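The values are calculated or read from the model by the stated rules, or taken from the named source; none is laboratory data. Every value quoted in this text rests on a predicted model; they were computed, and no experiment measured them. Every residue, glycine among them, receives a Cβ derived from its backbone with ideal geometry; neighbour counts consider all protein chains shown.
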Amino acid sequence: MNNLSLSNVINVTLMPSVSGLSEFNTANLFLLSFDTPADESFTGGFRIYKSLPEVSADFAYDSLTVKMATAIFSQTPNILSNSGSLIIGLPNSGETQAEAFLRFSTTCLFCGWLTTDTIENDLAANIGSGSSSANATLLPEVVASFNNKINFIVSNVEGDIDSLETIKDAGFKNTRALFYGGTENDAKVMMAAYASRGMSTIFEGSLTTQTMHLKNLVGVTADPIMTQTILNKCMDAGVDTYVSIEGIPCVFSSGKNGFFDEVFNELWFVNAIQTAGFNYLRQTNFKIPQTENGMTGLKNAYAQVCVRGINNGFLAAGSWTSPDTFGNPETFKKNIETSGYYIYSLPVAQQNKADREDRKAPLVQIAIKTAGAIHSTNVLIYVNL
């Protein structure tokens, strides 16, 4: 007797699962090193490090690269807390910092950027003074063209504070200016410590977002030349410092160029939304219909990121104080007051014919209410005798 295939009755097809993108790692910190590596095989490109001994194997123990790496790995928490890495790269001969930034942005994934170059050269690269780099594209302009990069610069000269203010005046929030009045190396170490501490946020956690204001930097002493006059200049210029408050060393933040956490949290949110949208469209074996049901699924993917923003403390319910709204104004304000976010999409029926034929989704608009942070307080005491 010939047995016929069971597929004549039941035919089963196993549908493969479709992989999506992982979110951009906001804890990867890039250090452009101008030190000569002790490892002669390290002649170009970049290397990835997860510990200080790995860095010490490639660079001299007394090099600025190792000193900055020590500060990076010493912070509690630090970039390792969010599965980040220290990436160290070497510049090409004659290359500007902006050119190096663009080159490495195409070969490795990093979020934060700092250098071991001299402060004079850093200023030239960032504000265009004192060097031939003034005639080249400035680094903050390049950083601003990315939605997932943040740049750090520091000076130890009081006279540079006014120059650093030009970063604020130009609206380059993704370039973070710092001041520390110790030696040049001390200032660089303070910058490295600040960057690692600030980029340690674990956005998947509960109430994990943080402000840098009043935070301690491990291994860094308070600025030895800080005065109230210098602090006031830094605050006006949007420059963060490391001061002593009644004997307690801590970061003192200025919001004139946006607070660090404000800028960093928005960077995470934008990239998380982008990834969520891509994965929703990608992770299906069929198609997302160009209907209200399809749009509901897409908006739900975006809403999951907003919920994470609520959980990690970046967003919070509150009153919408801007005159700008969209969608249904009552629904808009109610959602902000109860949830901290509102998502609206143009009805599919109102979409123009060209966009529909190009299979574009109708415009999605998202309003979010940030939780902010308390940095100071005024107290009135009433005494009754």
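SER93: more than 22 Å from GLU23 (Cα to Cα), among the small types (Gly, Ala, Ser) and crowded, with 23+ Cβ neighbours inside 10 Å, yes or no? Can you show your working first?
On the way: more than 22 Å from GLU23 (Cα to Cα): yes; among the small types (Gly, Ala, Ser): yes; crowded, with 23+ Cβ neighbours inside 10 Å: no.
Against the criterion (more than 22 Å from GLU23 (Cα to Cα), among the small types (Gly, Ala, Ser) and crowded, with 23+ Cβ neighbours inside 10 Å), SER93 does not qualify.
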The residue that is farthest from GLY309 (Cα to Cα), considering only those in the range 245-289 that are crowded, with 19+ Cβ neighbours inside 10 Å and of a type in the set (Phe, Trp, Tyr), is PHE252
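Quick one: in the range 227-270, which of the residues that are of a type in the set (S, T, N, Q) and assigned to a helix (DSSP H, G or I) is nearest to ASN147 (Cα to Cα)? Lay out the reasoning, then the answer.
The initial filter retains those residues of the range 227-270 that are of a type in the set (S, T, N, Q), namely 227-229, 232, 241, 244, 253-254, 257, 265.
Within this subset, residues satisfying the condition of being assigned to a helix (DSSP H, G or I) are 228-229, 232, 265.
Working: GLN228: 35, THR229: 35, ASN232: 31, ASN265: 12 Å.
Only one residue tops the list, namely ASN265.
Given the criteria surrounded by 10 or more Cβ atoms within 10 Å (Cβ to Cβ) and either modelled with pLDDT under 90 or outside any loop (DSSP other than H, G, I, E, B) (or both), does PHE34 qualify? Talk me through it step by step, then tell me what you get.
Working: surrounded by 10 or more Cβ atoms within 10 Å (Cβ to Cβ): yes; either modelled with pLDDT under 90 or outside any loop (DSSP other than H, G, I, E, B) (or both): no.
So PHE34 does not fit the description; no.
Looking at the range 1-31 only, could you name the residues that are within 18 Å of THR275 (Cβ to Cβ) and surrounded by fewer than 10 Cβ atoms within 10 Å (Cβ to Cβ)? Reasoning before the result, please.
To start, the set of residues in the range 1-31 that are within 18 Å of THR275 (Cβ to Cβ) comprises 17-28.
Hits for the range 1-31 are SER17, SER19, SER22.
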Q. Is it fair to say VAL218 is within 17 Å of GLN75 (Cα to Cα) and either exposed (fewer than 15 other Cβ atoms within 10 Å of the Cβ) or not assigned by TED's automatic domain parsing to the domain that holds GLY182 (or both)?
A. yes
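Each row is one residue, and each column tells you yes or no for (1) modelled with pLDDT under 95; (2) among the hydrophobic types (A, V, I, L, M, F, W, C); (3) over 18 Å from GLY372 (Cα atoms); (4) in the same structural domain as LEU109 (by TED's automatic domain parsing).
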| position | (1), (2), (3), (4) |
| --- | --- |
| ALA272 | no, yes, yes, no |
| TYR280 | yes, no, yes, no |
| GLN283 | yes, no, yes, no |
| ILE288 | yes, yes, yes, no |
| LEU298 | no, yes, yes, no |
| ALA301 | no, yes, yes, no |
| GLN304 | no, no, yes, no |
Considering residues that are more than 19 Å from LEU109 (Cβ to Cβ) and surrounded by fewer than 20 Cβ atoms within 10 Å (Cβ to Cβ), the number found within the range 52-65 is 7
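Just checking, which of LEU315, LEU346 is without any contact (Cβ under 8 Å) to a residue 60 or more places away in the chain and in contact with a Cys (Cβ under 9 Å, 6 or more places away or on another chain)? Write out each step before concluding.
Details: LEU346 fails: in contact with a Cys (Cβ under 9 Å, 6 or more places away or on another chain).
One residue alone meets the criteria, LEU315.
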Restricted to the range 187-215 and to residues being of a type in the set (A, V, I, L, M) and outside any loop (DSSP other than H, G, I, E, B), the residue surrounded by the fewest Cβ atoms within 10 Å (Cβ to Cβ) is ALA187
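Identify, from the list VAL12, VAL55, the residue that is out of contact with any His (no Cβ under 6 Å at 6 or more places or on another chain) and at pLDDT below 90. So that I can check it myself, show each step before the final result.
Values: VAL55 fails: at pLDDT below 90.
Exactly one of VAL12, VAL55 is out of contact with any His (no Cβ under 6 Å at 6 or more places or on another chain) and at pLDDT below 90, namely VAL12.
With respect to ALA361, determine if the residue is within 26 Å of SER17 (Cβ to Cβ) and buried (at least 18 other Cβ atoms within 10 Å of the Cβ). Explain how you work it out, then say what you get.
Details: within 26 Å of SER17 (Cβ to Cβ): yes; buried (at least 18 other Cβ atoms within 10 Å of the Cβ): yes.
Criteria met by ALA361.
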When restricted to THR76, THR70, THR26, the only residue in a helix (DSSP H, G or I), of a type in the set (Ser, Thr, Tyr) and closer than 30 Å to PHE203 by Cβ is THR70
Considering only helices (runs of 4 or more DSSP H) wholly within the range 278-385, the ones with at least 1 residues that are basic (Lys, Arg) and within 29 Å of LEU207 (Cβ to Cβ) are 292-311, 329-338
Going through the range 84-118 in order, the residues found to be at pLDDT below 95 and of a type in the set (Gly, Ala, Ser) are SER93, GLY94
Picked from the range 1-40 (must be without any contact (Cβ under 8 Å) to a residue 40 or more places away in the chain and under 30 Å from VAL55 (Cα atoms)), the residue farthest from the chain's Cα centre (by Cα) is GLU40
